[in-house]
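Input: a single structure, listed below in structure tokens.
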Amino acid sequence: MDASMTSLSVLRAALAKHGLSPNPKLGQNFLVDANILRKIVDEVSPNPGELILEVGPGAGALTQAMARRGAWVLALEYDRGLCRLLDELFYSCQRVSIIQADATKEDLAAIARHHAAQMGLYKVKFVSNLPYYLSSDLLYQIIHNILAWESITVMLQREVAERVVAFPGTKNYGGLSVAAQAVAEARLAFSVPPGAFWPRPEVYSSLVIMHPLARPLYGQCASDFYSLVNAAFRQRRKTLASALKSLEMDRQGTAELLAYAGIDSARRGETLSASEFALLAAAYRSLKHRP
Ligand code: SAM
């Protein structure tokens, strides 16, 4: 594994050798900018002995760089042709294991926990230059099993990245922002222009870093929390008093809930922070279970 896969000529030769070309249906835009690659790996900060789960390793550019820093990398790739390329590339590198699988059909947290336990580790870093067409699905999967991860480093379409870190009351703020911010501290590391990939995507990308909170803000009230968030954003321009009616509460019940949580009923859901939604979920649960 000597030559770097961020070199376009090396990448093209490796793909050609295996009879492959980038498949747009699988979101195959390969990173070909060595400087961006180094910045991503610096953000991941792989340490010797750590385990990283990477989704969509492609031709292995990021995989290779993380393994070179001494981490173990479990890389899940859907494309069988790329898996053959990766098997050959990492033939002599014991720290890299390639698994052919569709990440959307796998329980990524269970895979991570299983391999971590075998290595006597507790947590795993999640890394992916995500195929854009399934980034929301995979992000939700990660968010719903947040405690499996030590950190999450994902390259996303810039618009999706901006939604993850958006502040309450801004136009990008929505269900994804609340879900992410209820379980992790999320920040945008940097943006990446289309020219850093081959073939060039039509959009800018951004790297998002998430560090899980010790405990999700919603505590034991996850399902109430998500019901409230969904109801609030289904009709985001309406006041909470009106939007929460879809939860089969009458006007009086909604007013009581908001008063109990100490939230002004004239506010719109899109102005509530993740902690305020958590307060609302706790109040909702208390009122539901009141004798
Ligand atoms: N990590 C490589 C890089 O940065 O150059 C490639 C990133 S490319 C944007 C996305 C990768 O995800 C491709 O290798 C693609 O084949 C893979 N992929 C697409 N759908 C997948 C799925 N459902 N499960 C696993 N991998 C998938």
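Backbone amide hydrogens, once placed in the peptide plane, bring ALA184 within less than 5 Å of LEU213, excluding anything fewer than 5 places away on its chain.
When you restrict to C-alpha pairs under 8 Å that are six or more residues apart and normalise by the size of the range 206-291, the relative contact order lands at 36 percent.
With a Förster radius of 30 Å applied to the beta-carbon distance between TYR260 and ILE99, the computed FRET efficiency rounds to 0.05. Mean sequence separation of contacting Cα pairs (under 8 Å, at least six apart), scaled by the length of the range 22-139, corresponds to a relative contact order of 29 percent. Ordering 66-72, 169-175 by mean Cβ neighbour count within 10 Å, with the highest value first, yields 66-72, 169-175. Our helix-only sum for the chain, with -39,500 (n - 2.57) per DSSP H run of n ≥ 4 divided by its residues, gives a mean residue ellipticity at 222 nm of -12000 deg cm²/dmol. Under 21 Å from the Cα of LYS105, which lysines turn up, not counting those fewer than eight places away in the same chain? The reachable lysines, counting only those whose Cα sits under 21 Å from LYS105, are LYS25, LYS125. Taken one residue at a time, the phi angles of the range 163-168 give Karplus couplings (6.51, -1.76, 1.60, θ = phi - 60°) of 5, 4, 9, 4, 8, x Hz. Gly and Pro are set to x. For LYS171, the lysines whose Cα comes closer than 20 Å to its Cα, not counting residues fewer than 8 places off in the same chain, are LYS238.
Summary of packing: across the peptides 224-230, 247-253, the per-residue average of other C-beta atoms within 10 Å ranks them, highest first, as 224-230, 247-253. Highest mean packing first, where packing is the average number of other Cβ atoms within 10 Å per residue, the peptides 88-98, 141-151, 274-284 line up as 274-284, 141-151, 88-98.
Under 19 Å Cα to Cα from LYS17, which aspartates and glutamates show up? Leave out anything in the same chain fewer than 8 places away. Answer for LYS17, where 19 Å is the Cα cut-off: ASP2, GLU77, ASP79, ASP87, GLU88, listed by chain and number.
Estimated at 0.36 nm per residue, the fully extended path between SER223 and ARG200 surpasses their Cα-Cα distance by 4.3 nm.
Near ILE99, the amide H atoms lying under 5 Å from its own belong to ALA75, LEU76, GLU77; only residues 5 or more places off or on other chains count, and H is placed 1.01 Å from N.
Each value in this text was obtained by applying a stated rule to the coordinates, not by laboratory testing. Just so it is clear, the model here is predicted, and its values are computed rather than measured. Glycine also receives a Cβ, built like all others from the backbone with ideal geometry; neighbour counts cover every protein chain displayed.
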